[in-house]
Ligand SMILES: Cc1cc2nc3c(=O)[nH]c(=O)nc-3n(C[C@H](O)[C@H](O)[C@H](O)COP(=O)(O)OP(=O)(O)OC[C@H]3O[C@@H](n4cnc5c(N)ncnc54)[C@H](O)[C@@H]3O)c2cc1C
Ligand code: FES
């Protein structure tokens, strides 16, 4: 038995097998455990605490396929010291990983329903495992809609994968950018403008939302207007974290801790706290 089996909060050493630029500021890292043990089983929407040597530790969602957990995949946007250090890691370099932690997208409860996924910017990586799961079990679900917004075409993640998904006939993929120069032939406008035309049955739909908080709030309003009920809307929230396991109180939001009660919440559970940035 490995120490991690009895002490799940012990950091495990991983080695980067591949680091790939997604955009000018966002990289995808694929890593494997240095000790040769099995990869981490995880549920779609869970996150790791990831430690960049000598710099610090931050929460990063797992963005790979839950059916193939051998390689641990994270997509990281460089916004500060730790994420910059993680984005600079190259093949053969090492990082420490704790977790997986947190709640997950309710892909089982969504069986038999339509699913609409609405996401913006670096909100797509936490939802990608749910999309993989749904597409691998496609016959269990109704209509599937993915609405994805980015600031500009250059900020769009996973462009080849989006193209592949768009080519399928069993998922509606719509993308948009806030602003574009000449050469962009797609939608322009915030992602919420795609909601009124989206093809789903509001009475039988589960909605998964992840993105900047302002986007999340307007998306919820758009979905409620279409008739989706609050108990069928799920949001992934971000708060600054330190321990990731419900001990330090850093991520407290009203009566909940985002690290252990979330990050995925049913909307009616967090509705009263949604406007508060930090408590
Ligand atoms: C559950 C969870 C999952 C996450 N998944 C991912 C992911 O898959 N990919 C990814 O790139 N990022 C993800 N993040 C955000 C990531 O943790 C932060 O970008 C990171 O902590 C910033 O640390 P830093 O040292 O690089 O920058 P800092 O110097 O700490 O911050 C740089 C800037 O980013 C802002 N910032 C810091 N933390 C957050 C945050 N949590 N939310 C919003 N703004 C923040 C700061 O206010 C500051 O303006 C996730 C966060 C949470 C809570
Ligand atoms: S990060 Fe410490 S309690 Fe959530």
Selected residue (only one of 270, 228, 191 is closer than 20 Å to residue 120 by Cβ, away from ligand 2 (no atom under 14 Å from the Cβ) and surrounded by fewer than 21 Cβ atoms within 10 Å (Cβ to Cβ)): 270
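Tell me which helices (runs of 4 or more DSSP H) are completely within the stretch 199-279 and hold 1 or more residues being closer than 30 Å to residue 172 by Cα, at pLDDT 95 or above and away from ligand 1 (no atom under 14 Å from the Cβ), or say none if there are none. Steps first, answer last, please.
On the way: elements: 213-226, 258-261, 267-270.
Output list reads 213-226, 267-270.
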Would a scan of the stretch 150-173 turn up a residue that is surrounded by 14 or more Cβ atoms within 10 Å (Cβ to Cβ), within 16 Å of the chain's Cα centre (by Cα) and assigned to a strand (DSSP E or B)? yes
For residues that are in contact with a helix residue (DSSP H, G or I) (Cβ under 9 Å, 6 or more places away or on another chain) and not in a helix (DSSP H, G or I), scanning just the stretch 120-142, find the one that is nearest to residue 175 (Cα to Cα). 120
Count - residues of the stretch 41-53 that are farther than 18 Å from residue 81 by Cβ and surrounded by fewer than 21 Cβ atoms within 10 Å (Cβ to Cβ): 2
Some residue of the stretch 177-188 being touching a residue at least 12 places away in the same chain (Cβ under 8 Å), buried (at least 20 other Cβ atoms within 10 Å of the Cβ) and assigned by TED's automatic domain parsing to the domain that holds residue 208: yes
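The values are calculated or read from the model by the stated rules, or taken from the named source; none is laboratory data. Note that this is a predicted model, so its numbers are computed, not measured. Note: ideal-geometry Cβ built from the backbone for every residue, glycine included; neighbour counts use all protein chains shown.
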